[in-house]
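Worksheet: one structure, shown below.
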Amino acid sequence: MAMTHTNDMARLQDRFNHKFGRSEHEVFAFFAPGRVNLIGEHTDVTGGLVFPCGITQGTWLLIRRTYNHQYQFASTNFDLMAQLEQSEISQTYGDNWINYPLGVLDQFAQKGVALDGFDCLFSGNVPNGAGLSSSASVEVVTAFALNTLLNTGFSLLDLVKMSQAAEKEFVGMQCGIMDQFAVAMAKRDHAIKLDCSTLEHRQVPMNLDGISIVVSNTNQRRELNESAYNNRVAECTRAFEILHEALGIKQLGELLPEQLDAHESLFDSDLIALKRARHVCTENARVRAAVPALESGDIDKFGQLMNESHDSLRDLYEVSSDPLNQLVRLAREQRGVLGSRLTGAGFGGCTVSLVQTTDVPAFEASVAMGYTQATGLTADFYIMSAGDGVQQLHLDAPLQTGT
């Protein structure tokens with residue numbers, strides 16, 4: 001649901017009233033973006049480095065506190081709607097999107113916050129399952145809204161950690177903190193260099209004059225993504241356990257490539273863990289090199305690092321797929337492309353490419369044709385801009401969004 005017109009908020013209010021009816025209680029509006037990770041993939045769960053930015057696409061939430069100990073969830077993107085009693089909000093609701101806001105409510109309840117009823121209508125224009133953090137967007141906007149309405153006084157970082165815990169503990173996805181952090185902390189026209197171990201971060205201006213960020217969606221159906229993702233986390237844990245005693249590291253994200261080279265023989269009986277460790281340490285090195293490259297305007301170097309990142313994700317971390325690889329291959333063949341890689345968890349989802357702005361129309365046409373010929377699928381393309389993080393909106397204001 002792409003919202004770009006000034007009357008979209010009014011239409012969303014109409015949908016809210018249609019779903020839940022009118023009430024004397026006030027309705028509030030909030031927005032949280034999705035995110036695209038430019039480089040530093042599958043490193044956050046190991047305490048490594050990432051470099052994401054928020055995007056202007058995201059999730060809107062209209063929410064009303066009802067005081068009736070009833071909890072209603074609806075979305076303009078899905079037909080499923082839920083009405084839950086107080087006793088039901090501490091357990092998962094099937095296997096669907098409602099578990100993301102429900103997990104956030106559970107986090108508030110665990111911290112002793114009295115929850116007394118809410119009507120929630122979500123509306124998003126982040127493609128579901130595309131790897132642009134639609135789930136983190138839902139979690140963070142819910143946490144921010146509850147914090148505001150209940151005046152609970154949690155810091156933004158508290159809300160990030162609660163949103164991550166909702167996904168790990170309630171939904172069951174062993175995610176790192178990058179997605180929720182980027183969604184909450186994003187700043188327009190900036191990307192965030194984040195150390196996922198210390199949460200030390202720096203807002204880095206995006207000096208991309210004449211360069212566009214193009215996200216290409218494989219529209220590949222992702223199967224077994226959650227279990228495969230959790231398997232990678234377990235394999236990284238094995239790698240850490242192999243290296244911990246020898247190196248004294250506290251988490252795999254501290255590992256340097258030269259340290260792994262010196263201790264490669266420790267992995268003779270676990271070559272899979274070796275491959276995962278090599279991806280993690282070289283990917284962290286790429287983030288360290290990518291940020292100064294971007295800051296100094298060396299976009300060619302930044303693009304080269306993006307290419308190396310994808311190759312590592314494909315060959316060492318093994319989270320790519322044939323449709324993703326086809327999109328990357330085709331992108332790299334086009335004029336004006338500086339770099340292309342998968343972004344997000346992989347196993348489908350999206351690629352991110354840096355493309356000379358004047359070449360974007362030809363890029364889309366050529367990649368789209370080649371991709372359909374190679375896979376039988378149809379790709380979608382999005383021109384991304386770095387947008388602001390989670391925020392409260394005025395109900396009478398136009399929605400500021402991307403396409």
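Within the stretch 244-292, being among the hydrophobic types (A, V, I, L, M, F, W, C), in contact (Cβ under 8 Å) with a residue 12 or more places away in the chain and farther than 22 Å from residue 314 by Cβ holds for 246, 247, 256, 266, 291. Do we have residue 192 as assigned to a strand (DSSP E or B) and either closer than 22 Å to residue 309 by Cα or among the polar types (S, T, N, Q) (or both) here? Yes. Out of curiosity, is residue 14 surrounded by fewer than 24 Cβ atoms within 10 Å (Cβ to Cβ), under 27 Å from residue 94 (Cβ atoms) and charged (D, E, K, R)? It is false that residue 14 is surrounded by fewer than 24 Cβ atoms within 10 Å (Cβ to Cβ), under 27 Å from residue 94 (Cβ atoms) and charged (D, E, K, R). For the stretch 197-221, the set of residues classified as within 23 Å of residue 364 (Cβ to Cβ) and part of a loop (DSSP other than H, G, I, E, B) consists of 206, 208, 209, 210, 218, 219, 220, 221, listed by residue number. Checked across the stretch 283-291, the condition of being in contact with a helix residue (DSSP H, G or I) (Cβ under 6 Å, 6 or more places away or on another chain), farther than 22 Å from residue 54 by Cβ and not small (Gly, Ala, Ser) holds for no residue.
Report yes if some residue within the stretch 62-85 is basic (Lys, Arg) and out of contact with any Asp or Glu (no Cβ under 8 Å at 6 or more places or on another chain); otherwise report no. There is no residue in the stretch 62-85 that is basic (Lys, Arg) and out of contact with any Asp or Glu (no Cβ under 8 Å at 6 or more places or on another chain).
Quick one: is residue 364 more than 20 Å from the chain's Cα centre (by Cα), outside any loop (DSSP other than H, G, I, E, B) and closer than 26 Å to residue 181 by Cβ?
For residue 364, the condition - more than 20 Å from the chain's Cα centre (by Cα), outside any loop (DSSP other than H, G, I, E, B) and closer than 26 Å to residue 181 by Cβ - is not met.
Taking (1) in the same structural domain as residue 361 (by TED's automatic domain parsing); (2) under 30 Å from residue 92 (Cβ atoms); (3) aliphatic (A, V, I, L, M); (4) modelled with pLDDT of 95 or more in turn, residue 255 satisfies each apart from (2). Residues to consider are 281, 350; find the one that is more than 30 Å from residue 59 (Cβ to Cβ) and crowded, with 22+ Cβ neighbours inside 10 Å. After applying the criteria, what remains is 281.
Go through the stretch 18-65 and report how many residues are part of a loop (DSSP other than H, G, I, E, B) and closer than 20 Å to residue 310 by Cβ.
Counting residues in the stretch 18-65 that are part of a loop (DSSP other than H, G, I, E, B) and closer than 20 Å to residue 310 by Cβ gives 5.
Count, please, the residues in the stretch 42-91 that happen to be surrounded by 15 or more Cβ atoms within 10 Å (Cβ to Cβ), of a type in the set (Ser, Thr, Tyr) and within 26 Å of residue 149 (Cβ to Cβ). Total meeting the criteria: 6. Determine if the stretch 234-245 includes at least one residue that is among the polar types (S, T, N, Q) and touching an Asp or Glu at 6+ places or on another chain (Cβ under 7 Å). No, the stretch 234-245 contains no residue that is among the polar types (S, T, N, Q) and touching an Asp or Glu at 6+ places or on another chain (Cβ under 7 Å).
Annotation for the stretch 247-257: at least one member residue is outside any helix (DSSP H, G or I) and surrounded by 18 or more Cβ atoms within 10 Å (Cβ to Cβ).
The values are calculated or read from the model by the stated rules, or taken from the named source; none is laboratory data. These figures come from a predicted structure and were not determined experimentally. Neighbour counts run over all protein chains shown; Cβ positions are idealised from the backbone, glycine included.
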